[in-house]
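Worksheet for the structure shown next.
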Amino acid sequence: MSLIHASAAQLLTQLESGEITSVELTKACLAQIDVADKQVGAFLKVMSESALEQAESVDTRRKKGEKLGRLAGVPVAIKDLLCTKGETTTCASKMLENFVPPYDATVIAKLKAADAVLIGKTNMDEFAMGGSTENSALGVTRNPWDLKCVPGGSSGGAAACLAASMAPLSIGTDTGGSIRQPASFCGVVGLKPTYGVVSRFGLIAFASSLDQIGPMARTAEDAAILLEAIAGYDPHDSTSANVKTPAYSQSVKQPLKGLRLGVVKEHFGDGLDSEVEQATREAINVYKSLGATVTDVSLPHSKYGIAVYYIIAPSEASSNLARFDGAHYGHRTNEAAMLEQLAQERAALEAAGDEVGLAKLDTSLVRMYRQSRAEGFGPEVKRRIMLGTYTLSAGYYDAYYLKALKVRRLIRQDYDAAFKDVDLVIGPTAPTPSFAAGTKTDDPLSMYLGDLYTVTANLAGIGGISIPCGFSKAGLPIGLQLQGPPLAEERLLQAAHMFQTATDWHQRRPELS
Amino acid sequence: MSLSQDDVKKVSLLSRLLLTEEELTTMTEQMSDIVGYVEQLNELDTTDVEPMAHAVEQFNVFAADERAPSLSRDEALANAPKRDDECFRVPAVLGE
């Protein structure tokens, strides 16, 4: 198998034995990016120079017999919302187009310590808000399986670069499905760990109680290898889980005996595409043939997941994104033009003798904030900031935000009850395969409903994984989702690996011309 | 519930955003749609349910009161849109 299609596990073995060098591997990935990324657009920035330097350094140290990190020499792509010291980190937003972080996110520091080769920064929906990567202000990403279609989102570049064999491993983030849904759309593996398993320090925050960083790869084993490298308690993130990191890369290959799977009734209702349903049912049969017992479970409040999410996530976002004010970093409007405009507005109000209008007129500082943010943020980000500000504002807090927090607990209790009887729950990752670009951009609510099966895991704080389980007649990948109780990442990965020993969906690659 | 353009205008000030007339119209429609959708939560009786603000139950986490390295002033100011040697520069706040 050629270098670019190989799994990280195979590559690590070949690197260790000296069969290949990291420079050869990195060059192969860069060459593939050169060819394929003109069509796919997965990367916002390719870090060719520093990647080759890292690769050379790993090769040199390996020759000297030095002890190397667990990802030594393997290229990893980074979603462009993890602070990377000295490298632009944009969140695919004009607001941060020129932002150069002065420090590394913990995940970046861990990847560097593991001697991974950081190959580039991948495209995403602006500030991770979206499900198609069409909200990126800085680039267009397409699905490698069909270039007319979206890669999913928000980690669209992260998923597309794996599908198009531009990197063997990539880092995504998931606030409502942003790892799992693009993994499903692009036919790759994406794991959203339990909240707290991976440190969020240096992750540019969207919704802090929901955001989680996770591994994306082409196989469950590779996802396990990557998770092991990035997981762990971090004193810089007081919400990170203070638990010992399991040896995911070792346990992943042990099959689960007597696995009890619960089929989520509510995930097979209205809106589910028939081809997705069929592929999911066949995948459940694969588990039966592997000895799993399958029962129906109910998550009665899951149908409220989207409503709860679109109160809580925007509320947290409106607060988190208040930091982008044009004062400390990020985009600032042209000040002279802004002051000139304000002076004209004042003169017009004075001429009209409009005392009320004058009293309401922005101060120059407030106008600087407003104008900078109006120019720096795209429509979806504005919409969510506005929604969150509304649901948190006086008179609406109890009706919306507090109500959503209460239903959030009911959603969690549904899962707790289900996991008394089953080890994992199973169902489709997304209601449909990928869709043509431009078909949902005018209707935000229809885009939001694509998160129906994923969003409840974020609300409950539990882990979920998407793995390829088939293709539509049109040739688009379909994803299977497994979710587990808190801190059951080993079980999720083992179950995913079991499936991949019995199927070959994950080995198919798109043909790019 | 449907929002008025005035509601949306007020929220845009609270959000420190500035909307064009066209954006105001679209935003009013879209926010009304979304708020209308989330109101389905009112079907549920949540009287005795404890709100869940976080995915994991939080305990207060104390950091040791020790000096640790942090950013230098120059590093902290490096991304400022406008600065002098010591400070971030913003439009005058006083004297308007």
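Taking the stated definitions as given, is A:Y310 within 14 Å of chain B (Cβ to nearest Cβ) and either buried (at least 16 other Cβ atoms within 10 Å of the Cβ) or under 17 Å from A:V425 (Cβ atoms) (or both)? Spell out the reasoning first.
Values: within 14 Å of chain B (Cβ to nearest Cβ): yes; either buried (at least 16 other Cβ atoms within 10 Å of the Cβ) or under 17 Å from A:V425 (Cβ atoms) (or both): yes.
The answer is yes for A:Y310.
The conditions of being more than 16 Å from A:I33 (Cβ to Cβ), in the same structural domain as A:A229 (by TED's automatic domain parsing), buried (at least 24 other Cβ atoms within 10 Å of the Cβ) and among the acidic types (D, E) are met by A:D174.
Restricting to the range A:281-304, what's the tally of residues that are within 27 Å of the chain's Cα centre (by Cα) and among the hydroxyl-bearing types (S, T, Y)? Summing the residues that are within 27 Å of the chain's Cα centre (by Cα) and among the hydroxyl-bearing types (S, T, Y) in the range A:281-304 gives 4. For the range B:13-24, does any single residue satisfy the condition of being more than 22 Å from the chain's Cα centre (by Cα) and within 24 Å of A:S319 (Cα to Cα)? Checked against the condition, which is being more than 22 Å from the chain's Cα centre (by Cα) and within 24 Å of A:S319 (Cα to Cα), the range B:13-24 yields no hits at all.
Rundown of residues vs (1) farther than 23 Å from A:V189 by Cα; (2) in contact with a helix residue (DSSP H, G or I) (Cβ under 8 Å, 6 or more places away or on another chain), yes/no style:
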{"position": "A:L3", "(1), (2)": "no, yes"}
{"position": "A:S7", "(1), (2)": "no, yes"}
{"position": "A:Q10", "(1), (2)": "no, no"}
{"position": "A:Q14", "(1), (2)": "no, no"}
{"position": "A:L25", "(1), (2)": "no, yes"}
{"position": "A:M47", "(1), (2)": "yes, no"}
{"position": "A:A51", "(1), (2)": "yes, yes"}
{"position": "A:S57", "(1), (2)": "yes, no"}
{"position": "A:T60", "(1), (2)": "yes, no"}
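Taken over the range B:1-34, the criterion of being of a type in the set (A, V, I, L, M), crowded, with 20+ Cβ neighbours inside 10 Å and part of a helix (DSSP H, G or I) is satisfied by B:V8, B:V11, B:M27, B:M31, B:I34. B:P51 meets the stated requirement of being under 18 Å from A:Y400 (Cα atoms), at the interface with chain A (Cβ under 10 Å from one of its Cβ atoms) and under 24 Å from the mean Cα position of the chain (by Cα). Among the residues making up the range A:71-83, those that are more than 17 Å from A:D222 (Cα to Cα) and crowded, with 24+ Cβ neighbours inside 10 Å are A:K79, A:D80, A:L81, A:L82.
If the condition is being within 19 Å of A:A183 (Cα to Cα) and in a loop (DSSP other than H, G, I, E, B), then the range A:200-251 contributes A:L210, A:D211, A:R218, A:T219.
A:G395 passes every criterion in (1) of a type outside the set (S, T, Y); (2) free of Cβ contacts under 8 Å to residues at least 60 places away in the same chain; (3) within 8 Å of chain B (Cβ to nearest Cβ) apart from (3).
Of all the listed residues (A:L459, A:L487, A:L445, A:L449), the sole one being crowded, with 23+ Cβ neighbours inside 10 Å and either of a type outside the set (D, E, K, R) or part of a helix (DSSP H, G or I) (or both) is A:L459. The residues in the range A:94-108 that are under 13 Å from A:F127 (Cβ atoms) and away from chain B (no Cβ under 14 Å) can be counted, and the count is 0.
Would you check which residues across the range B:35-48 are facing chain A (nearest Cβ under 7 Å) and crowded, with 16+ Cβ neighbours inside 10 Å and list them?
From the range B:35-48, those facing chain A (nearest Cβ under 7 Å) are B:37-38, B:40-41, B:44, B:46; that's our starting set.
Scanning the range B:35-48 gives B:V38, B:L41, B:T46.
The values are calculated or read from the model by the stated rules, or taken from the named source; none is laboratory data. Since the structure is predicted, the reported quantities are computational estimates derived from the model, not experimental observations. As a convention, Cβ positions derive from the backbone with ideal geometry for all residues, glycine included, and neighbour counts pool all protein chains shown.
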